[in-house]
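Please read the structure below before turning to the comments.
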Amino acid sequence: MSGFSSKWLALREPLDLAARNREVETAFQRHLPSSSPRLLDLASGAGSTVAALKGRLPADTMWTLTDHDPALIAVARDRWQRQLQGALSLRQIDLAANVEDLPFAEVDAVTTSAFLDLVSEAFLERLVGCVIRAQKPFLASLTYDGRITFAPQASLDNTMRDVLNSDQRLDKGFGPALGPFAAERAIALFKAGGYEVVNGTSDWNVGPSDEGFLEEFLSGWSGVGLKNGISQDDLDGWRLQHLTQMRSGDIRVTIGHIDFAAFPKSKV
Ligand SMILES: C[S@@+](CC[C@H](N)C(=O)[O-])C[C@H]1O[C@@H](n2cnc3c(N)ncnc32)[C@H](O)[C@@H]1O
């Protein structure tokens, strides 16, 4: 099981919201009913997809949020229940075991964010199969794609990117993860299933004001470096170099993501 704390999800949410690709979201929205759309969101965490789309969708949108983590389900309930005024249902489910149990046929569209890079090829095929059989539009936001650049650079950056990208391929509860290849694989599966796809980048643009995020991100990433045989001294030096840049207001980190929307061709 992979664990995501609500603290980490809250630190990344502003970057997610700024990064989401508006053209992809607009293309997705065009395939929703104009009133009372029913959306099924997969691996919802604290409900970041609601935060992203709420202002752009009809006020009577009905949301079903899903996650396996009861703590995150509780955070999502606290956060959204009152605001969505009864148009919210929450479902605790292990998607790896039971994705087929979800009511794909009874919603108007399926969404997810920051999730597909965690899953395996086999799970992705099951998920895409569920969506295609139900002939529903699908929106996948913020799938990590393996690109990370720092400005200014540090000498360990490329090594650190490579260890992160190989760590992203480890099992996150669904079998060996697709990691950086997930979006391109998902797009290919939807196209092979007769879907039309609109896709674009949704990169995080991290700057000096994202202090809380950067500290947590570099610290978690150093842990991955340590597991992969990089010395603690080298990791401390790398992290300090970037934190010093941040504190002097001179850092820019770009972290690559892909958004895509997929629809049955006949509905385009
Ligand atoms: C990176 S977080 C993204 C959360 C949210 N969609 C967002 O954009 O903030 C990945 C989410 O996948 C959920 N998850 C991981 N494995 C899962 C599983 N087997 N079944 C259901 N949810 C799972 C985690 O609990 C977490 O909420």
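The values are calculated or read from the model by the stated rules, or taken from the named source; none is laboratory data. Given the structure is predicted, the values throughout are model-derived calculations rather than measurements. Cβ placement follows ideal geometry from the backbone for every residue including glycine, while neighbour counts extend to all protein chains displayed.
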> Any residue in region 131-139 that is under 15 Å from Gly45 (Cα atoms), buried (at least 19 other Cβ atoms within 10 Å of the Cβ) and away from the ligand (no atom under 14 Å from the Cβ)?
Replying inline: no
>> Out of everything in region 144-183 that is charged (D, E, K, R) and surrounded by fewer than 15 Cβ atoms within 10 Å (Cβ to Cβ), what residue ends up being farthest from Asp117 (Cα to Cα)?
In response: Asp162
> Could you give every pair whose Cβ atoms fall below 9 Å, whose first residue belongs to region 68-92 and is at pLDDT 95 or above and surrounded by 13 or more Cβ atoms within 10 Å (Cβ to Cβ), and whose second residue is among the basic types (Lys, Arg) and in a helix (DSSP H, G or I), counting only separations of at least 6 or pairs across chains?
Replying inline: Trp80/Lys54; Leu88/Arg77; Leu90/Arg77
> When you scan region 178-268 for strands (runs of 3 or more DSSP E) that lie fully inside it, which ones turn up with 3 or more residues that are closer than 28 Å to Glu23 by Cα and of a type outside the set (A, V, I, L, M)?
Replying inline: 195-201, 252-264
> Do we have Asn228 as within 18 Å of the chain's Cα centre (by Cα), at pLDDT 95 or above and not aliphatic (A, V, I, L, M) here?
Replying inline: no
>> Looking at region 231-268 only, could you name the residues that are within 24 Å of the chain's Cα centre (by Cα) and among the charged types (D, E, K, R)?
In response: Arg252, Asp259
> Applying the selection to region 139-172, what residues are of a type in the set (Asp, Glu) and in a strand (DSSP E or B)?
Replying inline: Asp145, Asp171
> Which helices (runs of 4 or more DSSP H) sit wholly inside region 9-120 and have at least 3 residues that are closer than 27 Å to Trp204 by Cβ, more than 10 Å from the ligand (Cβ to nearest atom) and within 17 Å of the chain's Cα centre (by Cα)?
Replying inline: 22-29
> Can you name the number of the only condition in (1) in contact with a His (Cβ under 9 Å, 6 or more places away or on another chain); (2) without any contact (Cβ under 8 Å) to a residue 60 or more places away in the chain that Asp16 fails?
Replying inline: (2)
>> Out of everything in region 140-153 that is away from the ligand (no atom under 14 Å from the Cβ) and among the polar types (S, T, N, Q), what residue ends up being nearest to the chain's Cα centre (by Cα)?
In response: Thr149
